[in-house]
Amino acid sequence: MASLIPCPHCGQRPREEFTVKGAALVRPAADAGRNAWLDYVYLRDNPRGRYDEHWHHTSGCRRWLVVTRDTATHEIEGARDTAARTETVE
Amino acid sequence: MSVSAIEHRAALGGKAPLISTGVTLRTLPEGHVLHLLSASADSDVSATISAVLGCDALTKRSVSPGQWFVVGDEPLSAAALADIVKKVKPHAEVVDQSHGRVRIAIAGAKATSVLAKGTAADLALNVFPVGHATTTLIGHIATHITRVSEDGFELMVLRGFAESLWEELAELSVEFR
Amino acid sequence: MTSYRLDKGGLIDRSKPLSFTFDGKGMIGVEGDSLASALLANGQMLLGRSFKYHRPRGVISAGASEPNALMTVAQGGRTEPNTRATMQELYEGLVAQSQNRWPSLNIDISSLNSLLSPFLSAGFYYKTFMWPAGLWERLYEPLIRRAAGLGKATYEADPDRYEKCWAHCDLLIVGGGATGLAAALTAGRAGARVILVDENAMIGGGLLSETATIGGVSAVEFAGRTVAELESLPNVQVLSRTTAFGWYDGNVFGAVERVQKHASEPRPEVPVERLWRIVAKQAILAAGAEERPLIFGGNDIPGVMMASAMRAYLNRYGVAPGKSVAVFTTNDSGYTLARDLEKAGLRLVAIVDSRRSGATAGVYEGSARIINGGFVPDAEGGKALSSITILQDGRKEKLAVDSLAMSGGFSPVVHLAYHRGGRPEWSDAEATFVAPEDHKGLSLAGAAAKASGLAGCLEAGARKAEALLGKLEIKADPAAFGAVEGDIVAAPTKPVWIIPGIKGKAFVDFQNDVHHRDIGLAVREGYGHVELAKRYTTNGMATDQGKLSNVNAIGLLAEARGVSPADVGTTTFRPFYTPVSFGALAGTSHGKHFQPVRKSPLHDWAVKNGATFVETGLWYRSAWFPLAGEKTWRESVDREAKNVRRNAGLCDVSMLGKIEITGKDAAEFLDRVYCNAFRKLPVGKARYGLMLREDGFIFDDGTTSRLEDERFFMTTTTAYAAGVMNHLEFCAQALWPELDVRLASVTDQWAQMAIAGPKSRLILQRIVDQDISNEAFPFLGAKDVSLFGGKLSGRLFRISFSGELAYELAVPAGYGEAAADALMEAGNEHGICAYGVEALSVLRIEKGHVTHNEINGTVVPTDLGFGKMVSATKVDFIGKRLLEREGLNDPNRLQLVGVVPLDSGTSFRSGAHVLEKGAEATLENDQGYISSSCYSPHVGSTIGLALVKRGSSRHGEEVQVWNGLLNEFTAARLCHPIFVDPANEKLKG
């Protein structure tokens, strides 16, 4: 029915305006080892609880965000612009 | 080839305004929409651009951090566009979207009620004051909304979706007509 | 038929009669009636047949929890089955039908199921229909469906309007009884944004059935005055007929407003239902408490009713429940009803009180016979109650009554508070399941938070509003209402789960026909866990979600297991609290509003030229342009394709994704997102680019042109336009925020058309002001051009998808139609035609150009012969590292190859598999598959592109193409994937 993502630029918006990409990981350096790259592309921790994910406000400001979400409760702790142009909002 | 006139076709050409006491919908002229993109989201950049162009919050509308739409009812000549590009260039790139975006005006006491059927954005006047702008979904269509008066909004939409948005708004405002 | 309508009293207007029908029989109710109250007033006690045993059923409640009085209301496309008669407002001309009976309500053949009941006990579906499995679909399921159906949905389209909308508030209050009204008034007067929702037409909840006074006025008048004040406040929105059905993430509440479900003739411009999504900073659940039935034999016979419901029919609707009434109670609240019945002059035969001590002193001063320490083990009657058996100290006595009220205590309605997880806990002191008052974003108040009595609820509501607004830094003073008089405040008493001495069937879940012995059976057979017992017995699984039955079932489980209800616990609470129509959930998204349509700026041009359209995603694309006399689509497509190769054609390609890329680091950015090099692309040139995913597989392709040193124009495929833009933004914002790159989607800014064919230059030169000769504007040129003698400017690209001399011209969208018209006119003498995506596809397959048919997520550049494009020198680009993996460089990989049938009279289709000549169609023998196929007018037969093991080194090999669906084999030969001009001379000429 509804769930809201607190966009640091636009305020609370429904999930339909967003595209979720998955875990917010740091891309390895070009010369990082094979395993670092395989981890980055394929391996996920899939924790129960707090998780940082990349969400794109596709039908809004079109910024990529890092959303901190509890995977068990869907409670959202906060969201910040991935380029950290603004602070995390609650 | 000599052609007498290269005719412009408006995306919502021929749509008569829908007027009632509760809410009025009308198409706006396909004048100009310039997409300004800055490398920086700093507010002083925004102020500088406003100053060099001499525009207010209703002319230069926020799109996202470091991006704005400069909007007007008149089409710009190539020279006028070049002049703006020259003025803005040190602060932002300019991409002409005058044909890519179509504007619709919605106004009246029930305008907010009609829009609330489509968007989850809170449009209460104290939260969304005159001059405030944001992009949001109206139904399934991403739409840039600017409040232009206490009970009036301008909606800007991709040209390809303009007709669908118009029809959706017409449908959503039926009960106030 | 006797009228049970009282002469006076109730919130009904006796001067406004409303006629309606029930099972075709005409009846008269009055304004203010519910369908249930009107039926009762007409003496219609038998209202339906039960789900499994087809037992006669009447009405048991006066509200949302009703499990029995379900009927089909309205006709034609408006038909709505399983409507609770207790919630349906009466309107003039209402048509109601009872359900689950055949041939009629009075004579129902399936009621024989009652005699078969030893075989229909809990779990009977699992036991009886287990074997043989093959009979399930053919025999068992259709049989069960016919016998156990609820109402039937109509196949006609619903003529009414439905809508969805959003609302925002500081404080949402769910429930407009004493608690909710006190909270709303407190918050409203403080200036907060308040929304009050209540599921009934008239706001007031229990106050509307109340005889007590508040501040010297009747409870009903108090409710009316309070609602009037709330409605006068601009910051308060009062929504009646609105059920909050779910609590969702982000403190969003789902609610459905039945705007016109009570109207004889719904106004067509107004929705009949509106789905609200209410974003609340804080919310109060003031949903009150649900009275629990008592479990005794025949507790489902028409005439047996909840005590609070009987009070509502009496006080609110002015309907007498019967001619001689008994009350069976475990607590003081039953005496409120007793008092009101006597006041209304009805014959109260007895009050049976399970407590040996009887009512609390001072609660009841009436004259009815009171049987303390008494029980009703059985009620008797068929289609109507005729008598009850009383058990007191081992002695049995039969009393003739036609109406029995029961009160087993109250359970707070906490459903909504647990939609986001958690479960309420058993409290021995309160003798019920209770929830903590404060959840994050939602608090409980009043009877829902175990407050008792009107005064307590009023105060609780006001205080809770004050406290929650305090969290939002809004100062509020709790509203005060004066003294409450005439209210009986019932203290919690020990629940009586099972009545001693039962002979008949004692129902726990009325709607699903679960009786008390079923619960015991579940425990004996090992299904005693609350979640297992629910599934095994189906208790609580009907459309009423067990509102009346769940707590009793838990009590019985606890007794059968010899533990406390605390150890049994509850099942999971989930939305929806009550059923929500599909219409409300769909809103306006049906018919032509199901999804938006995206139209090209050349749409009207295509219409004008007679296009047949095809939906691709949201776009309407012109598929082909039939001419008079062409009988099949193939005739049109063949003609278009041939004409492009012979003369020229114009195709709308506006729906390609177009992205303008600017900024100091634009070239560096492109170098990182494409696997091939872009940094050194000269200004004025276009280049084909391949974009990989980080795992090395191809993501998308397209051309990118350099218009200025720091300004690029990228095109993407139509299907991946949105995905590529999102991806580029991810790269720019998340991966490399240090780069100065700015991205603007300009897909809709430009009308873009392909002008292809040997005559294309001649035609274009008629409208382009600059010289576009091969010398001045060679293959892969890209530049701004002036058109029509300076009247318009556009962008011209010399790129070719067809393999012919070809261009793509982009003009500002508003001038697209004019430019296309001019080109068609200019091309007339050169034989230009409009061509659609089908011919476009034929031309590209003939040329061996790939699309997402080939770029299907499993291919890497070498598979398509693009291996040399991949930069060996760039330090980094998306996909570089994982593309190096051994498996992606295996020579046995599937590679792009062409396929032609040996006999040009035969053909094959995309998706068919390639096998070696003579090989059987097995997985082991599979060599690959056809990715694209078409009839090629150039070749004169079907041709295909395929992905085949080592395909690039197998040109000339004879194979068979196997269509697994038709088990059809076609002899074919693998060949070079370019069928037209393999030396690429035409497009460069």
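Measuring from centroid to centroid over Cα atoms, what is the spacing of segment C:740-771 and segment C:581-639 in Å?
Centre-to-centre (Cα) distance: 24 Å.
Restricting the count to DSSP beta bridges whose residues both fall in the protein assembly as shown, what percent are antiparallel, rounded to a multiple of 5? Spell out each step's value before the answer.
Numbers: 197 of 245 bridges.
Counting only bridges with both partners in the protein assembly as shown, antiparallel ones make up about 80 percent.
Which value, in Å to one decimal place, does the Kirkwood hydrodynamic radius take for segment C:826-872 when every pair of different Cα atoms is included? Before the final figure, lay out the partial values.
On the way: mean 1/r = 0.0753 Å⁻¹.
Taking every pair of different Cα atoms in segment C:826-872, averaging 1/r and inverting gives 13.3 Å.
How large is the translational diffusion coefficient of segment C:891-984 in µm² per second when you combine the Kirkwood radius over alpha carbon pairs with Stokes-Einstein at 10 °C and 1.306 mPa s? Please report the intermediate quantities before stating the final value.
Details: Rh = 12.9 Å.
My calculation gives 123 µm²/s for D.
Cut-off is 10 Å between beta-carbons; in what order do A:45, B:122 appear when sorted fewest neighbours first? Don't skip to the end; give the middle numbers.
Details: A:45 7, B:122 18.
Going from sparsest to densest Cβ surroundings: A:45, B:122.
Projected onto the charge dipole of segment C:891-984 (+1 at Lys/Arg Cβ, -1 at Asp/Glu Cβ, origin at the Cα centre), which of C:952, C:922, C:932 gives the Cα projection farthest towards the positive end?
C:952
Which value, in Å³ per residue, describes the convex hull spanned by the Cα atoms of segment C:657-745?
Numbers: hull volume 6.9 nm³, N = 89.
Roughly 78 Å³ of hull volume per residue.
Stokes-Einstein diffusion coefficient for chain B at 10 °C in a medium of 1.306 mPa s, Rh from the Kirkwood formula over Cα pairs: what value in µm²/s?
So the translational diffusion coefficient is about 93 µm²/s.
Using alpha carbons only, how many angstrom separate the centre of segment C:366-401 from the centre of segment C:433-468?
Here the two parts' Cα centres lie 37 Å apart.
So which GluC sites (Glu not before Pro) in segment C:241-312 pass both tests, a DSSP loop state and at most 16 other Cβ atoms within 10 Å of the Cβ? Mind dumping the intermediate values first?
Details: sites: C:257, C:269, C:273, C:290, C:291; in loops: C:269.
Sparse-neighbourhood loop GluC sites (Glu not before Pro): C:269.
Just want the ordering: C:715, B:48, B:112, from fewest to most Cβ atoms lying within 10 Å of their own Cβ. Before the final figure, lay out the partial values.
Details: C:715 26, B:48 16, B:112 19.
Least crowded to most crowded, the residues run B:48, B:112, C:715.
Per the Kirkwood definition applied to all pairs of different Cα atoms, how many angstroms is the hydrodynamic radius of segment B:87-177?
On the way: mean 1/r = 0.0719 Å⁻¹.
Hydrodynamic radius (Kirkwood, Cα pairs) of segment B:87-177 is 13.9 Å.
Using the Kirkwood radius built from alpha carbon pairs, what does the Stokes-Einstein equation give as D for segment C:336-489 at 37 °C and 0.692 mPa s, in µm² per second?
Values: Rh = 19.0 Å.
In µm²/s, the coefficient rounds to 173.
Output the DSSP H helices from chain C with an along-axis C-alpha extent of no less than 24 Å and a mean Kyte-Doolittle hydropathy no less than -1.0.
On the way: long enough: C:454-471 (26 Å, 0.34).
What comes out of the filter, once short or polar helices are dropped, is C:454-471.
At what distance in angstrom do the alpha carbon centres of segment C:660-720 and segment B:125-148 lie from each other?
33 Å
What value does segment C:675-809 have for Rg/Rh, both radii from Cα atoms and Rh as Kirkwood defines it?
Working: Rg = 16.1 Å, Rh = 16.2 Å.
Radius of gyration over Kirkwood radius for segment C:675-809 works out to 0.99.
Which three extents, in angstrom, do the Cα atoms of chain A have along their principal axes, listed largest first?
Reported extents, whole Å, longest axis first: 41, 28, 21.
Sorting C:487, C:198 on the 10 Å Cβ count, fewest up front, what's the list?
Working: C:487 20, C:198 27.
Least to most surrounded, the residues fall as C:487, C:198.
Within a 10 angstrom radius of each residue's Cβ in C:748-758, how many Cβ atoms of other chains show up on average? Whole number is fine. Present the calculation step by step, with values, prior to reporting the outcome.
On the way: counts 12, 11, 3, 3, 0, 0, 0, 0, 0, 0, 0.
What the average comes to for C:748-758 is 3.
Based on Cα coordinates alone, diagonalise the gyration tensor for segment C:501-574, multiply each eigenvalue by 5, take square roots, and list the semi-axes in whole Å, largest first.
Working: eigenvalues 51, 49, 23 Å².
Over the Cα atoms of segment C:501-574, the semi-axes work out to 16, 16, 11 Å.
Quote to one decimal, in nm, the extra length available between residue C:642 and residue C:109 on full extension: 0.36 nm per residue of separation minus the C-alpha distance between them.
On the way: separation 533, 0.36 × 533 = 191.88 nm, distance 7.15 nm.
Taking 0.36 nm per residue and subtracting the Cα distance, the gain is 184.7 nm.
May I ask for the equivalent-ellipsoid semi-axes of chain C, computed as the square root of five times each C-alpha gyration tensor eigenvalue and listed largest first in whole Å? Spell out each step's value before the answer.
Details: eigenvalues 1074, 220, 150 Å².
Listed largest to smallest, the semi-axes of chain C are 73, 33, 27 Å.
In nanometres, what is the gap between the two model label sites at residue C:563 and residue C:680, each 7 Å from Cα along Cα-to-Cβ?
Once both label points are built, they end up 7.6 nm from each other.
Would you calculate a helix-derived [θ] at 222 nm for chain B, using -39,500 (n - 2.57) for each DSSP H run of n ≥ 4 and dividing by the full residue count, to the nearest 500?
For chain B, the value works out to -6500 deg cm²/dmol.
Give me the Kirkwood hydrodynamic radius of segment C:829-911 in Å, from all C-alpha pairs, to one decimal place?
Details: mean 1/r = 0.0624 Å⁻¹.
It is 16.0 Å.
Provide the percentage of antiparallel DSSP beta bridges, counting only those with both residues in segment C:218-347; round to the nearest 5.
Working: 12 of 13 bridges.
That works out to approximately 90 percent antiparallel.
What share of all Cα pairs of segment C:362-421, in percent, falls into each consecutive 5 Å distance bin?
All Cα pairs considered, the percentages come to 4, 12, 17, 17, 15, 10, 8, 8, 6, 2.
Restricting things to alpha carbons, tell me how big segment C:282-350 is in terms of Rg and Dmax, in Å.
13.6, 48
Note down the relative contact order for segment B:15-120 as a percent, whole number, built from C-alpha pairs under 8 angstrom at least six residues apart. Show your work: numbers first, answer last.
Details: 157 pairs, mean separation 45.3, N = 106.
With pairs under 8 Å counted, the relative contact order is 43 percent.
Per-residue Cβ counts within 10 Å, from other chains only, averaged over C:47-53: what number is that? Write down the numbers at each step before the final one.
Values: counts 0, 0, 0, 0, 0, 0, 0.
The mean count of partner-chain Cβ atoms within 10 Å per residue comes to 0.
So what's the Cα pair-distance distribution over segment C:293-408, bin width 5 Å, in %?
Using 5 Å bins, I get a P(r) of 2, 13, 26, 27, 20, 9, 2, 0 for segment C:293-408.
If a/c stays under 1.5 just call it rounded; otherwise compare a/b with b/c (prolate if a/b is bigger, oblate if not). Do that for segment B:32-97, with a ≥ b ≥ c from the square roots of the Cα gyration tensor eigenvalues.
Working: a/c = 1.65, a/b = 1.42, b/c = 1.16.
Prolate.
Only loop residues by DSSP count here, and only those with at most 12 other Cβ atoms within 10 Å; note down the trypsin sites (Lys or Arg not before Pro) in segment C:862-953 that meet that.
Details: sites: C:868, C:874, C:880, C:881, C:885, C:893, C:909, C:917, C:949, C:950; in loops: C:874, C:885, C:893, C:909, C:917, C:950.
Answer in residue order: C:917.
Let me have the 222 nm mean residue ellipticity of chain C computed from DSSP H runs of 4+ only, each contributing -39500 (n - 2.57), with the sum over all residues rounded to the nearest 500.
On the way: 21 runs with 192 residues, N = 989.
Only helices count here, giving -5500 deg cm²/dmol.
Quick one: which of C:494/C:547; B:87/C:664; B:89/C:874; C:25/C:383 span more than 27 angstrom between C-alpha atoms?
Working: C:494/C:547 20 Å; B:87/C:664 18 Å; B:89/C:874 31 Å; C:25/C:383 18 Å.
From the list (C:494/C:547; B:87/C:664; B:89/C:874; C:25/C:383), the Cα-Cα distance tops 27 Å for B:89/C:874.
Give the span of the protein assembly as shown's Cα atoms along each principal axis, as three whole-Å numbers ordered largest to smallest.
For the protein assembly as shown, the Cα spread along each principal axis is 114, 78, 64 Å.
Any read-out appearing in this document is the output of simple, stated calculations on the displayed coordinates, not a laboratory observation. Just so we're clear, the structure is a prediction, and the values are computed from it rather than from any experiment. As a convention, Cβ positions derive from the backbone with ideal geometry for all residues, glycine included, and neighbour counts pool all protein chains shown.
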